[in-house]
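Undergrad: Structure below; questions to follow.
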Amino acid sequence: MPAVPELDAVAREWQEKARRFVEDELYPAEERIAARGSIEAAELVELRRRAVAAGFDHYNMPRELGGPDLPLPAQVAIEEQAGRATNGLGFIVAARGPRELVELATPEQIGRWLAPVLRHETTVAWAVTEPGAGSDVATIAAVAGRDGDEWVVDGEKWFVSGGESAGVFAVLANADGEQALFLVGRDNAGLEIVRAPGFMHDPYIDQHVELRLAGCRVPDRDRLPSGGDGARRWFTVERLMIAARCCGAAARLLELAIAWATERVAFGRPIVEHEGVGFPLADSTAELLAARLLTYHAAHELDANPSPAVAHGKVAIAKLYASEAANRIADRALQIFGGRGYMVEHPVERHFRELRVDRIWEGTSEIQRVIVARGIAKRGPTPYVD
């Protein structure tokens with residue numbers, strides 16, 4: 001019996017296809033990026049073209065919008081393999097469409113803003129985090145005031161991934177006593193891209209820009225019918241996919257470390273035979289299996305559980321455990337490789353740097369603990385461990 005029983009034949013087929021693409025196309029690209037220290041735009045365009053030709057294109061979207069409508073476990077299978085790549089190149093394979101927005105939007109909003117995204121004419125970026133509001137989304141300060149048939153939006157947004165090239169932004173703001181999502185065009189007057197800071201995981205496929213909205217007028221027709229609910233669903237799905245990518249990165253790290261420990265000889269025998277190396281590898285193997293089981297179980301629950309709150313909690317458990325386990329596995333792998341693992345040209349070094357943010361973005365580890373703690377205080381542990 002496979003370790004992940006929820007993974008059916010369709011999901012396994014996608015998983016294997018994604019693994020081949022990552023190894024054949026993205027690993028060589030990683031090496032080129034490490035050698036020159038930068039990502040070339042033309043190379044990304046070509047890699048994306050090949051990925052789309054291979055079928056990695058909005059696979060989460062419903063059939064009526066041109067997608068195969070894969071269930072979440074199959075999406076996780078793809079994202080897991082995407083996590084094996086560094087420099088964010090896995091997002092070339094993990095090319096999900098804006099389903100959470102499509103499910104909220106009116107037909108007019110889909111036609112005006114989201115259909116061009118599905119046709120690859122532009123991209124959409126979420127603008128949620130602010131200088132004073134990160135994981136606690138309830139404290140966002142951006143406001144939208146009604147003025148006739150328009151809303152005037154004011155506020156700052158940080159860490160807007162992909163914002164350097166997005167044609168439309170999903171902006172979360174307070175409006176009439178509730179949180180609302182607005183679709184804001186890149187060329188809207190009053191919207192400014194302030195800067196694109198550098199980050200620890202650079203060079204990376206996307207930048208994470210800072211936006212300023214000052215008197216930015218948005219037609220009422222571009223306000224999504226349900227703002228807060230849409231943002232919560234998006235956060236939940238993103239957290240699940242972070243867990244999946246952490247599993248993929250951890251698997252690659254473990255494979256590399258075991259291969260090296262089997263080959264490397266010290267004190268007369270392969271270092272894997274020394275407990276100081278073998279035991280950390282055993283711990284990593286146990287943690288990777290646990291992370292994968294939690295992640296695929298959470299995917300199944302998010303698809304099937306009649307209680308969204310419980311499924312949300314199980315996703316929080318998966319992100320919490322998988323992201324922290326992946327960081328521990330990266331640390332052990334680097335230690336086993338020694339100086340080699342500290343070289344930028346080595347994938348262990350890149351994963352070590354890049355995995356750190358997975359304990360932060362889309363809700364820190366501390367926030368995931370808050371979600372779980374509140375859930376078990378309200379419902380007891382049984383719904384979360386069944």
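The values are calculated or read from the model by the stated rules, or taken from the named source; none is laboratory data. Quantities reported herein were computed from a predicted structural model and do not represent experimental measurements. Using ideal geometry, Cβ is built from the backbone for each residue, glycine included, and neighbour counts are taken over all protein chains shown. We work out accessible area using only protein heavy atoms, side chains counted, and drop any ligands, DNA or RNA first. Shrake-Rupley method; radii C 1.70, N 1.55, O 1.52, S 1.80 Å.
Undergrad: With respect to E79, determine if the residue is within 22 Å of L240 (Cα to Cα) and surrounded by 18 or more Cβ atoms within 10 Å (Cβ to Cβ).
TA: yes
Undergrad: Could you please let me know if F169 is over 30 Å from A291 (Cβ atoms) and of a type in the set (F, W, Y)?
TA: yes
Undergrad: Something else about it: Report yes if R221 is open to solvent by 60 Å² or more (accessible area, probe 1.4 Å) and assigned to a strand (DSSP E or B), otherwise no.
TA: no
Undergrad: Follow-up. Suppose the filter is over 21 Å from M200 (Cα atoms) and either among the hydroxyl-bearing types (S, T, Y) or buried (at least 18 other Cβ atoms within 10 Å of the Cβ) (or both); does T364 pass it?
TA: So T364 does not fit the description; no.
Undergrad: If you don't mind, another one. Which one of these is over 18 Å from D229 (Cβ atoms), touching a Leu at 6+ places or on another chain (Cβ under 8 Å), in a loop (DSSP other than H, G, I, E, B) and not acidic (D, E): G155, G163, G198, G90?
TA: G163
Undergrad: Among the residues of the stretch 64-82, is there at least one that is over 30 Å from R221 (Cβ atoms), hydrophobic (A, V, I, L, M, F, W, C) and over 19 Å from the mean Cα position of the chain (by Cα)?
TA: no
Undergrad: Looking at the stretch 102-120, can you tell me whether even one residue there is within 23 Å of the chain's Cα centre (by Cα), part of a loop (DSSP other than H, G, I, E, B) and within 30 Å of L254 (Cα to Cα)?
TA: The answer is no; no qualifying residue exists.
Undergrad: Taking the conditions exactly as written (part of a loop (DSSP other than H, G, I, E, B), β-branched (V, I, T), open to solvent by 10 Å² or more (accessible area, probe 1.4 Å) and modelled with pLDDT of 95 or more), does I193 satisfy them or not?
TA: No: the conditions fail for I193.
Undergrad: Please enumerate the residues belonging to the stretch 89-122 that are farther than 18 Å from D57 by Cβ and either buried (at least 18 other Cβ atoms within 10 Å of the Cβ) or among the hydrophobic types (A, V, I, L, M, F, W, C) (or both).
TA: Listed by number, the residues that qualify are L104, A105, Q109, W113.
Undergrad: Moving on to the next point. Give me the pairs, please: first residue somewhere in the stretch 40-59 and over 24 Å from V10 (Cβ atoms), second residue anywhere and modelled with pLDDT of 95 or more and among the small types (G, A, S), beta-carbon distance under 7 Å, and either six or more positions apart or on two chains.
TA: Correct list of pairs: E43/A29; L47/A29.
Undergrad: Now a separate question. Take I367 and tell me if it is over 21 Å from R252 (Cα atoms), free of Cβ contacts under 8 Å to residues at least 12 places away in the same chain and under 19 Å from the mean Cα position of the chain (by Cα).
TA: No, not satisfied.
Undergrad: Which of the residues belonging to the stretch 123-153 are closer than 21 Å to G67 by Cβ and open to solvent by 40 Å² or more (accessible area, probe 1.4 Å)?
TA: Correct list: T123 only.
Undergrad: Shifting gears a bit: If I go through the stretch 30-51 residue by residue, how many of them are touching a helix residue (DSSP H, G or I) at 6+ places or on another chain (Cβ under 6 Å) and small (G, A, S)?
TA: Adding up the residues that qualify gives 1.
Residues checked against (1) out of contact with any Phe, Trp or Tyr (no Cβ under 6 Å at 6 or more places or on another chain); (2) within 25 Å of D358 (Cα to Cα); (3) open to solvent by less than 10 Å² (accessible area, probe 1.4 Å); (4) modelled with pLDDT under 95:
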| position | (1), (2), (3), (4) |
| --- | --- |
| G230 | yes, yes, yes, yes |
| A250 | yes, yes, yes, no |
| E263 | yes, no, no, no |
| A266 | yes, no, no, no |
| V272 | yes, no, no, no |
| V277 | yes, no, no, no |
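Undergrad: Okay, next question. Tell me, please, whether a residue that is modelled with pLDDT of 95 or more, under 20 Å from L293 (Cβ atoms) and among the acidic types (D, E) can be found in the stretch 327-336.
TA: No.
Undergrad: For the stretch 176-190, which residues satisfy the criterion of being out of contact with any Asp or Glu (no Cβ under 9 Å at 6 or more places or on another chain) and either outside any strand (DSSP E or B) or under 30 Å from A29 (Cβ atoms) (or both)?
TA: D176, G177, R186, D187, N188, A189, listed by residue number.
Undergrad: Does at least one position in the stretch 164-174 carry a residue that is open to solvent by 60 Å² or more (accessible area, probe 1.4 Å) and over 30 Å from D69 (Cα atoms)?
TA: No: zero hits.
Undergrad: Tell me yes or no: at least one residue of the stretch 249-261 is free of Cβ contacts under 8 Å to residues at least 12 places away in the same chain, part of a helix (DSSP H, G or I) and within 26 Å of N87 (Cβ to Cβ).
TA: yes
Undergrad: Given the conditions (1) within 19 Å of G375 (Cα to Cα); (2) at pLDDT 95 or above, and given that N305 satisfies all but one, which numbered condition is not satisfied?
TA: (2)
Undergrad: With respect to Q75, is the statement that it is touching a residue at least 60 places away in the same chain (Cβ under 8 Å) and out of contact with any helix residue (DSSP H, G or I) (no Cβ under 6 Å at 6 or more places or on another chain) true?
TA: The answer is yes for Q75.
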